[in-house]
1. Here are Leu43, Leu86, Leu21, Leu57: which of them is within 10 Å of the chain's Cα centre (by Cα), of a type outside the set (Ser, Thr, Tyr) and within 20 Å of Lys3 (Cα to Cα)?
2. List pairs: first residue in the stretch 5-23 and over 17 Å from Ala78 (Cα atoms), second residue basic (Lys, Arg) anywhere in the structure, Cβ distance under 9 angstrom, at least six positions apart or on different chains.
3. Output the residue which, of all residues in the stretch 24-56 that are more than 20 Å from Tyr70 (Cα to Cα) and among the polar types (S, T, N, Q), is modelled with the highest pLDDT.
4. Is it the case that some residue within the stretch 76-91 is aromatic (Phe, Trp, Tyr) and under 21 Å from Leu13 (Cα atoms)?
5. Out of everything in the stretch 44-85 that is outside any helix (DSSP H, G or I) and polar (S, T, N, Q), what residue ends up being most open to solvent (accessible area, probe 1.4 Å)?
6. Take Glu26 and tell me if it is surrounded by fewer than 16 Cβ atoms within 10 Å (Cβ to Cβ) and assigned to a helix (DSSP H, G or I).
7. Pairs please, first residue from the stretch 59-72 and of a type in the set (Phe, Trp, Tyr), second anywhere and open to solvent by 60 Å² or more (accessible area, probe 1.4 Å), Cβ atoms under 8 Å, 6+ apart in sequence or on different chains.
8. Return the pair list, or none, for Cβ contacts closer than 9 Å from residues in the stretch 73-93 that are acidic (Asp, Glu) to residues that are open to solvent by 20 Å² or more (accessible area, probe 1.4 Å) and part of a helix (DSSP H, G or I), at least 6 apart or on different chains.
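The values are calculated or read from the model by the stated rules, or taken from the named source; none is laboratory data. Not measured: the values here are computed from a predicted model. Here the Cβ positions follow ideal geometry from the backbone for every residue, glycine too, while neighbour counts run over all protein chains shown. Accessible surface areas use protein heavy atoms only, side chains included; no ligands, DNA or RNA. Shrake-Rupley method; radii C 1.70, N 1.55, O 1.52, S 1.80 Å.
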Amino acid sequence: TVKFKDGVKLDGLKPEAERILNTAGEIWKDHFPDVDCVCTSALDGRHMKGSLHYQGLAVDLRTHTLPGGYKGEGAKKATALLRAYLGADYDVVLEATHIHVEFDPK
C-alpha cells in the first residue's frame with residue numbers, strides 16, 4: 001500500500017503512473033516491510049518545464065526512510081528493483097531526495 005504526502009494531487013494520473021505506484025507498493029512490502037512507501041509528488045509541485053509530472057505520467061517516491069537514508073543502500077536497491085519490474089518504457093532516477101519514476105517509452 002502506498003501512502004501519500006499531504007497535498008499530493010492524483011486527479012489526472014494515467015494508468016502507466018498508477019502502475020508505478022502499484023509496483024512500488026509491492027516492492028516496499030516485499031523488501032522494506034517496516035518502511036512506508038510514500039509518494040511525495042504526482043501532478044503537484046514544481047518540476048522542470050516539460051516534466052511528465054504535469055501529464056500524469058510521473059511520480060516521486062520518498063527515500064530518506066529507507067535503510068541508509070536518501071541515497072543509501074535501500075534507495076539504491078529500490079531504484080534497481082523498480083527498473084527491473086517496470087522495464088524499459090520507464091525511467092527510474094535516484095535523485096538527491098527521492099526516486100523519480102516516469103513512463104517515457106523510447
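1. Leu21
2. Pairs found: Lys5/Arg62.
3. Looking at residues that are more than 20 Å from Tyr70 (Cα to Cα) and among the polar types (S, T, N, Q), I get Gln55.
4. Within the stretch 76-91 (the criterion being aromatic (Phe, Trp, Tyr) and under 21 Å from Leu13 (Cα atoms)), the answer is yes, since at least one residue qualifies.
5. The extreme case among them is Thr65.
6. yes
7. From the stretch 59-72, the pairs are Tyr70/His64; Tyr70/Ala96; Tyr70/Thr97.
8. The qualifying pairs are Asp89/Glu16; Asp91/Leu52; Asp91/Arg83.
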